[in-house]
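A quick write-up on the structure given underneath.
What follows is calculated from the coordinates using simple rules that are stated; it is not laboratory data. Here the structure is a predicted model, which is why all the values come from computation and not from measurement. Neighbour counts run over all protein chains shown; Cβ positions are idealised from the backbone, glycine included.
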Amino acid sequence: MPVSESKMSDIGSTERRKPSIIVIVMLIGLALASAILAIYFGTKKHEQFSPAPYVEMEVIVDGTVESFTDPVKASMVEQVATVLAISSTAVGLTVEPASVRLSFIVTLSSEEEATAAAAILSAAVSTEQSASTFLSTPDLNVTVESIAKAPTTVTVPGGGHVNVGGGHANNGIRRLHAVVERLPALEELAKTVDLDELWKGTPRQGGNVLSRETCAANVLPQSLRLDRVDWNTFGEPMGEWLRRYDPDAIARPNCLGRDAEERAKWYEAAFHSSCDRPSMVWTDDDSNRSHFTDEMHNGAPAVLGLDPAILDYCKTIAGDDVDAPLPSDDFWRHDSTSTRALKCPESIGCKDGGSVSLLESNLLDACTRANRNILRVSALHQKKLAWDMCHNTEWVICAARGALPHQGQTIQFAVPPSRIDPADQDAYRTYRANILRWSAHYEIDTISWTFYEVELCILTLLCDNHEQMWTLERGQPFKCKVSDDGHERLRQAFESALA
C-alpha cells in the first residue's frame, strides 16, 4: 500500500578570523569548441564521454576567508584561465576553511594538454615568491608559505557512469570532499527540467509516458550506444570490473552475446533464471549470498526508482525521522552540516566516507530494514561480483516475475513511472555529459534518470498490463503479467536495437 500522503506525497556560524583556515578548490574545464559542437549537434552526438585527465596543485597560504571577496576570486579565476589560455567561464572557485590550503584542479581534454598545463603552472609557481606573485590580485596580496603539492598530472579512469554515481554501482573513483559552491551540471539541467516534479508521489497528469514504440525505437538503442561501457562486458575477467572504465580498456562484445545464437541463450536464461544472483552487495562476503537479503522476510517487494527517492522511501518504511537528501541538497556539495546529510550506518560502515559510499551504505541499510529488494552493487573494496547492464536487465526481469528473494510477487516504485517524461531524455543525457565535461571530480549523477528509464522500458515491453504503471502512486504495488508474448517483445526490441 502507498505510504501516508502526509509523508510521501512529496519528498521533502563560527567566527572566521584566524589567518590559517583557507582551502580554495578551483576546477577548470577545457574542451575544444569544435569537439563540443560535434558532440552535441553533429554526427558524434551519441558518442561515449570519458572523464578527462586533470592537473592538481596545492599551496599553503596566509590569509582569512573574508579576504577572498567576489572580486578577488574573479581575479584569481581570470589569472589561472589566462595563463592556460582558456575561458574564465570554465573556471569554478570555492573558498572553504580548512588548513590554510589552496587546492587547484585543472580539468583538461587530453593527457597531452594536462601535461602541458602542469608544465605551465610549474613554471608559474616554481618558488613560494613566484607563486605569491602569480596568485596575488589587485585587491589581495597572497603570501604563499609553502608549496604542498607541485602541479601534477592525474589520469582518471573514464567512461559510462564512472565518477557520476549512476546506475546501481560505485566504482570508487577518487572524489573531492571539500565543500563546493555549486553543482554546474545540475544547475544547467534545472533550466530545462522541473526537478521538483520528479519527487512528487502522485501520478503525473497529462504529458507523455513511455510507450513500447518509444522504448524499442529510441530508449534501448540510445542506451546500448551511450552506456556501452556497461553493456560491452562479454568475457570480462572476474575482479576487473573497474578496468572497463580505463581509457585504454579492452574492447569487448555486448554482454547479451556476440551473435544471435548467444543472445537467444541469454534471453532464455534470463526469462527462466532462479534469480539467486546477489543484487545487494557491499563486500566480497556478499558475492555468493547477500547477507542483506538473508535478513529479509517474505513480502519484500522490489523497489525501482531514482536513488534519492528509493532511499527516502526505504527510510520512511523503516521509520527513520530524517528524509533523504534530494539532488539540490547541500549534502551533495559535500556539506556534512546539511540537516539531511547522510550518516555512516553503524551496521556496515561507509568505506571511504565519500558521498557515493554514503549513498550506497544508506540504501543497503535502510532498504534491508524496510524489507525491500533493491539493486545495489558496490565495487569499492569488492571484486568478486560485477555489475553491468545485463545484470541490471536480468534483475528487472526477475522483479517482473516476482522471483527475487522473499519478493512476494510485487514491485513498488519510489518514483511513479508516469513522472518519467521521455521528452526529457536528451536533457538528462546532456546532464550526465556535462558532469564529465565540467565537474567530474566533485559532482555526481545522483538522479540516474536514464538508468531508471531503461528499467521502465524493460517492464513496458515485458508486462502485458504495463498501462497500469502510469496510474500508480509512490509505493503502490504493481504485479507484472508476464507472458511468452512479453518475452518476445523484449527480445525483438533488443535485437532491433542491436541491428
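What does the charge add up to near Cys463, with Lys and Arg as +1, Asp and Glu as -1, over the other residues with Cβ less than 11 Å from its Cβ?
Details: positive: Arg212, Arg401, Lys479, Lys481, Arg489; negative: Asp464, Glu467, Asp485.
Residues near Cys463 contribute +2 overall.
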(message) How would Thr337, Thr368 line up from fewest to most surrounding beta-carbon atoms within 10 angstrom?
(response) Thr337, Thr368
(message) Name the residue from Cys463, Trp438, Phe451 whose Cα lies farthest towards the positive end of the charge dipole of the stretch 423-489, charges +1 on Cβ of Lys and Arg and -1 on Cβ of Asp and Glu.
(response) Trp438
(message) With θ taken as phi - 60° and the coefficients 6.51, -1.76 and 1.60, list the Karplus ³J(HN,Hα) couplings across the stretch 396-413 in order, rounded to whole Hz; mark glycine and proline as x.
(response) 5, 4, 4, 4, 4, 7, x, 10, 6, x, 6, 5, x, 6, 9, 10, 10, 10
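Work through the residues other than Gln129 whose Cβ is under 15 Å from its Cβ and net out their charges, Lys, Arg +1 and Asp, Glu -1.
Values: positive: none; negative: Asp62, Glu128, Glu145.
So the environment of Gln129 carries a net charge of -3.
So if we plug the beta-carbon distance of Val322 and Asn298 into 1/(1 + (r/R0)^6) with R0 = 25 Å, what FRET efficiency do we get, rounded to 0.05? Walk me through the intermediate numbers first.
Details: r = 29 Å, r/R0 = 1.15.
That pair, Val322 with Asn298, gives E of 0.30.
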(request) Note down the nm distance, to one decimal, between modelled labels 7 Å out along Cα→Cβ at Asn141 and at Ala423. (result) 5.9 nm
(request) Kindly write out, for the stretch 138-151 in residue order, the coupling ³J(HN,Hα) from the Karplus curve 6.51 cos²θ - 1.76 cosθ + 1.60 (θ = phi - 60°), rounded to whole Hz, with x marking Gly and Pro. (result) x, 9, 8, 8, 8, 10, 8, 8, 6, 9, 6, 9, 5, x
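I'd like the FRET efficiency for Gln129 and Asp70, computed as 1/(1 + (r/R0)^6) with the beta carbon distance as r and R0 of 30 Å, rounded to 0.05.
It comes out at approximately 0.65.
Looking at the square roots a ≥ b ≥ c of the eigenvalues of the Cα gyration tensor of the stretch 169-498, which shape do they give, rounded for a/c under 1.5, prolate if a/b is larger than b/c, or oblate?
Rounded.
With +1 assigned to the C-beta of every Lys and Arg and -1 to the C-beta of every Asp and Glu, and no other charges, what is the dipole magnitude of the stretch 240-381 about the Cα centre in debye, to the nearest 20?
Details: 16 positive and 25 negative charges, 56 e Å.
With only Lys, Arg, Asp and Glu charged at Cβ, the dipole is about 280 debye.
Given Cβ point charges of +1 (Lys, Arg) and -1 (Asp, Glu) and nothing else, what value in debye, to the nearest 20, does the dipole of the stretch 169-498 about its Cα centre take? Kindly include the intermediate steps, with their values, before the conclusion.
Details: 37 positive and 51 negative charges, 47 e Å.
The calculated dipole for the stretch 169-498 is roughly 220 debye.
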(message) For a 30 Å ceiling on Cα separation, which of these pairs sit above it: Lys149/Lys351; Lys265/Lys315; Lys315/Lys479?
(response) Lys265/Lys315
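Rounded, prolate or oblate: which fits the stretch 317-438 when a ≥ b ≥ c are the square roots of the eigenvalues of the alpha-carbon gyration tensor, with rounded for a/c under 1.5 and prolate only if a/b beats b/c?
On the way: a/c = 1.39, a/b = 1.10, b/c = 1.26.
Rounded shape, in that the Cα axes give a/c under 1.5.
I'd like the FRET efficiency for Ser347 and His406, computed as 1/(1 + (r/R0)^6) with the beta carbon distance as r and R0 of 22 Å, rounded to 0.05.
Numbers: r = 19 Å, r/R0 = 0.85.
So the FRET efficiency works out to roughly 0.75.
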(request) Could you work out the local net charge near Gly207, counting Lys and Arg as +1, Asp and Glu as -1, over the other residues with Cβ closer than 15 Å to its Cβ? (result) -3
